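As structure tokens, the structure follows; a few thoughts come after it.
The values are calculated or read from the model by the stated rules, or taken from the named source; none is laboratory data. Remember, it's a predicted structure, so these values are computed and weren't measured experimentally. In this analysis, Cβ positions are derived from the backbone assuming ideal geometry, glycine residues included, and neighbour counts consider all displayed protein chains.
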Amino acid sequence: MKYWQLRDEMKHWQLRDEMKHWQLRNEMKHRQLRDEMKHRQLRDEMKHWQLRDKMKHWQMRDEMKHRQLRDVMKHWQLSDEMKHWQLRDVMKHRQLRDEMKHRQLRDEMKHWQMRDEMKHRQLRDVMKHWQLSDEMKHWQLRDVMKHRQLRDEMKHRQLRDEMKHWQLRDKMKHWQMRDKMKHWQMRDEMKHWQLRNEMKHRQLRDEMKHRQLHDEMKAWQMRDVF
């Protein structure tokens, strides 16, 4: 029974190892799908940042146009209220301000472009890291499978040695039982001879008592006669 139980346990271990193998393969597929989802999410975020940057650019452009229009309106108002020299100074000041805004916008655009390039490099490095991680997982799975194969071989050798041990133990128990049976047979024979001797001893003792009683009765009879 123990042999069948161990064989069933070995089948159970083999099934458990296969289940773990499928589970690891599903986890690798799940990681691959997760990595693709992250890649798409990062791509969508980059598109979102591009669109946001364009929206900011259009907003700043509209603000600049609005300021230009406002400045023109103020210029018309000042042309009626202020002198020509004051208006000229104001126009120069606004021109310098617009140039500064333009430089600031150009620097921000360069900053966004550099940020997008850094994001792209970071994404490329992350993808390489995931690829190396998957390769390491594959090597680890291969080593685990080799370890399980060696473990199963050791279990098989242990089972074979235990079967030999059980066979030897059964033989020793058989020999021990045979010796006990011989011992019991000799003990029963000794008890039989002892009981037969006791019966003979009791029979002799009873005969001696019977003769003694017979002699005493004869003596009483003789005494009564005399």
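For the condition within 60 Å of the chain's Cα centre (by Cα) and either surrounded by 10 or more Cβ atoms within 10 Å (Cβ to Cβ) or modelled with pLDDT under 95 (or both), W184 qualifies. In this structure, L150 does not qualify as assigned to a helix (DSSP H, G or I) and either over 34 Å from the mean Cα position of the chain (by Cα) or surrounded by 12 or more Cβ atoms within 10 Å (Cβ to Cβ) (or both). Comparison of R67, R16, R94, R43 shows that the only residue that is surrounded by 11 or more Cβ atoms within 10 Å (Cβ to Cβ) and either closer than 30 Å to V144 by Cβ or of a type in the set (D, E) (or both) is R16.
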